[in-house]
Amino acid sequence: MGTKKEFKELNVVDVVKDIAHRLDVDYREENNEICMDIPKEAGTGHIKAISFSHGVGILDVDITLKKDTRFVLNQSLVQPLEIVFNREKSIWHEFEGQEKQTEIKHLESAIFSCNSKYGNVLTLKAKEPVCFFSLEINRKLFEEKIESFLPEMNEDLEGLFRDVNGINLFFHKAHYSLDIAKCIEEINQTEDQGFTKSVFIEGKCYEILAHHLRQYVDDASPSEKRTILRQSTVVKIENAANIIDESLDQAPDVLTLSKKVGLNQNTLQNGFQSLFGLSVKEYSQNKRMEKARHLMENTNLNITEITYRIGINSRSYFSKLFKERYSMSPKQYMQKLEATKKKDDTTAI
């Protein structure tokens, strides 16, 4: 294993300062935000941290290192709750002193807490892009904000937040939701400055926390009964949509499509409804009608040829679908195109 970095600070901003000090590089600090660039001899990229009230902070890491590196996060007094959202290559977590190492894969999140005996360790592999967003909560400082809500929580979550001194080890991982992915993107893309930026990002942090707590409860349900759309599932649904787009003449049925992308049929259907507002069949039909219209406008194919080109065997059924989409039959649309073409030709003369 390569480099080992050990940090004992409680605040994420102090952690970045410590990293900068160890690497002998400068950092940029403004209000409650700090950012540093990785020196060329160690790799590329940046590490950014922002701290808020009640012990809440975020760490945004986007780096590629030249050596395998173990970050040992030993907290001396209070063991914070860490929620990591991995956006790139795998990172590995372990409790120092225990043999088990858990891989946190692309589009997975992990929520964990160490204790005074076993610290958190994150291992980052050399020459691989590492990009993760981490939400850190000092539970002792956060206790005042959340105390009145704890009795309403899931039993496991209540116990997790009440463990303000970090006595118990805790680790749970799952694929994170589309809503969380959107919040992280909005944080990274904001153009706000100063106080407005700080308030916006803090609000998004609490939104991420709310989504993650709901997801934790949802994770306890059987996979076919889960209602929250995971970002990893979105990737598979988009892959399914691409398969449909590229094979309209022989588009697979729902069962075949679900097997190709590794989702069950219910998840696939629910995902299409969430992303496109359409069932798989409706999405396929819409794409076929769009392609039919494109062929009418850009080729000399007749209606029967177009019907077969888009994978429909019945001309009457094609006419029905086309009229539902464009409020005119294929024949009427072809006549309209011909009239427009003649008018343009006359005008040109």
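Consider Glu88 against the criteria (1) open to solvent by 60 Å² or more (accessible area, probe 1.4 Å); (2) more than 23 Å from the chain's Cα centre (by Cα): it satisfies all of them except one. Which criterion is unmet?
Among (1) open to solvent by 60 Å² or more (accessible area, probe 1.4 Å); (2) more than 23 Å from the chain's Cα centre (by Cα), the lone unmet condition for Glu88 is (2).
Test of understanding: among Tyr333, Tyr283, which residue is over 26 Å from Ile237 (Cβ atoms), open to solvent by less than 80 Å² (accessible area, probe 1.4 Å), assigned to a helix (DSSP H, G or I) and touching a residue at least 40 places away in the same chain (Cβ under 8 Å)?
Tyr333
Could you please let me know if Asp253 is open to solvent by 70 Å² or more (accessible area, probe 1.4 Å) and free of Cβ contacts under 8 Å to residues at least 40 places away in the same chain?
yes
So if I check each of Phe171, Phe161, Phe142, which one is open to solvent by 50 Å² or more (accessible area, probe 1.4 Å), touching a residue at least 60 places away in the same chain (Cβ under 8 Å) and under 27 Å from Glu108 (Cβ atoms)?
Numbers: Phe161 fails: open to solvent by 50 Å² or more (accessible area, probe 1.4 Å); Phe142 fails: open to solvent by 50 Å² or more (accessible area, probe 1.4 Å).
Going through Phe171, Phe161, Phe142 in turn, just one is open to solvent by 50 Å² or more (accessible area, probe 1.4 Å), touching a residue at least 60 places away in the same chain (Cβ under 8 Å) and under 27 Å from Glu108 (Cβ atoms): Phe171.
If you take the residues in the stretch 228-250 that are β-branched (Val, Ile, Thr) and within 23 Å of Asn86 (Cβ to Cβ), which one is surrounded by the fewest Cβ atoms within 10 Å (Cβ to Cβ)?
Among them, the one singled out is Val235.
Can you find, within the stretch 288-330, the residue that is most open to solvent (accessible area, probe 1.4 Å) among those that are part of a loop (DSSP other than H, G, I, E, B) and of a type in the set (Val, Ile, Thr)?
Among residues in the stretch 288-330 that are part of a loop (DSSP other than H, G, I, E, B) and of a type in the set (Val, Ile, Thr), the one most open to solvent (accessible area, probe 1.4 Å) is Thr299.
Could you list, in sequence order, the residues of the stretch 107-118 that are closer than 26 Å to Ile38 by Cβ and in contact (Cβ under 8 Å) with a residue 60 or more places away in the chain?
Result: Leu107, Glu108, Ser109, Ala110, Phe112.
What number goes with the only condition from (1) in contact with a Phe, Trp or Tyr (Cβ under 8 Å, 6 or more places away or on another chain); (2) among the polar types (S, T, N, Q); (3) crowded, with 20+ Cβ neighbours inside 10 Å that Asn32 does not pass?
Condition (3) is where Asn32 drops out.
Which strands (runs of 3 or more DSSP E) sit wholly inside the stretch 1-103 and have at least 2 residues that are modelled with pLDDT under 85 and farther than 24 Å from Lys204 by Cα? Before the answer, list the steps.
Numbers: elements: 3-7, 27-30, 33-37, 43-51, 56-65, 69-73, 81-86, 91-95.
Result: 3-7, 69-73.
The values are calculated or read from the model by the stated rules, or taken from the named source; none is laboratory data. Note that the coordinates shown come from a computational prediction; the quantities given were computed from them, not determined experimentally. Because the Cβ atoms are built from the backbone with ideal geometry, glycine has one as well, and the counts that use them run over all protein chains shown. Protein only, heavy atoms only, side chains kept; ligands, DNA and RNA dropped before computing areas. Shrake-Rupley method; radii C 1.70, N 1.55, O 1.52, S 1.80 Å.
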